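The values are calculated or read from the model by the stated rules, or taken from the named source; none is laboratory data. Computed from a prediction, not measured in an experiment: that's the story for all the values here. Heads up, the Cβs are rebuilt from the backbone with ideal geometry, glycines too, and the neighbour counts pull from every protein chain shown. These accessible areas exclude ligands, DNA and RNA; they are computed on the full protein's heavy atoms, side chains included. Shrake-Rupley method; radii C 1.70, N 1.55, O 1.52, S 1.80 Å.
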Amino acid sequence: MSLVARHLEANGIPTVIMGSAKDIVEHCGVPRFLFSDFPLGNSAGRPFDVASQTETLELALRVLESAPAPRTTVQSPLRWSSDAAWKRDYNDLTKLSPDTIAERRKEFDEVKTVARAKREGS
């Protein structure tokens, strides 16, 4: 996405990237970046939280309108939770029971099956 944004910008199309992986996006040098300090994959707001998703989109559009210089990063004021422990615990499989891991794997496989069916037009 970062390289596509740079290409579009070079051809006169303004862009803003919404992301949750600050280091790699900034390293690529995108013109405008809205950073959300959320787990990877959640850069458009909290799942099933329309208010946070709306706020994130509105902020991204403000960044698009008002970024003062190239390579501008704005950090979203939204927080994943009031406790920052999620950063320590995120993807730490040692904190999950084997049953929880199996359930999450099953849910993920189901989502992949739905996506594959949609992609193949089934």
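Here's the yes/no breakdown for (1) at pLDDT 95 or above; (2) touching a strand residue (DSSP E or B) at 6+ places or on another chain (Cβ under 8 Å); (3) not aliphatic (A, V, I, L, M):
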site: I13; (1), (2), (3): no, no, no
site: M18; (1), (2), (3): yes, yes, no
site: V25; (1), (2), (3): no, yes, no
site: F35; (1), (2), (3): yes, yes, yes
site: N42; (1), (2), (3): no, no, yes
site: F48; (1), (2), (3): no, no, yes
site: P70; (1), (2), (3): no, no, yes
site: V74; (1), (2), (3): yes, yes, no
site: A84; (1), (2), (3): no, no, no
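Which condition number in (1) within 22 Å of the chain's Cα centre (by Cα); (2) at positive phi is the one that K87 fails?
(2)
Cβ contacts < 6 Å: first residue surrounded by 11 or more Cβ atoms within 10 Å (Cβ to Cβ), restricted to the stretch 1-17; second residue aromatic (F, W, Y), any location; separation 6+ or different chain. Result?
Between residues of the stretch 1-17 that are surrounded by 11 or more Cβ atoms within 10 Å (Cβ to Cβ) and residues that are aromatic (F, W, Y), the close pairs are I17/F33.
Restricting to the stretch 64-98, count the residues that are β-branched (V, I, T) and either over 23 Å from F33 (Cα atoms) or loosely packed, with under 10 Cβ neighbours inside 10 Å (or both). Talk me through it step by step, then tell me what you get.
Residues of the stretch 64-98 β-branched (V, I, T): 72-74, 94.
Filter again for either over 23 Å from F33 (Cα atoms) or loosely packed, with under 10 Cβ neighbours inside 10 Å (or both), leaving 94.
Adding up the residues that qualify gives 1.
Checking C28 against (1) open to solvent by less than 20 Å² (accessible area, probe 1.4 Å); (2) over 27 Å from S81 (Cβ atoms); (3) not aromatic (F, W, Y), which test does it fail?
Against the list (1) open to solvent by less than 20 Å² (accessible area, probe 1.4 Å); (2) over 27 Å from S81 (Cβ atoms); (3) not aromatic (F, W, Y), C28 comes up short only on (1).
Can you name every residue in the stretch 31-63 that is surrounded by 15 or more Cβ atoms within 10 Å (Cβ to Cβ), more than 20 Å from R6 (Cα to Cα) and among the aromatic types (F, W, Y)?
Of everything in the stretch 31-63, just one residue is surrounded by 15 or more Cβ atoms within 10 Å (Cβ to Cβ), more than 20 Å from R6 (Cα to Cα) and among the aromatic types (F, W, Y), namely F38.
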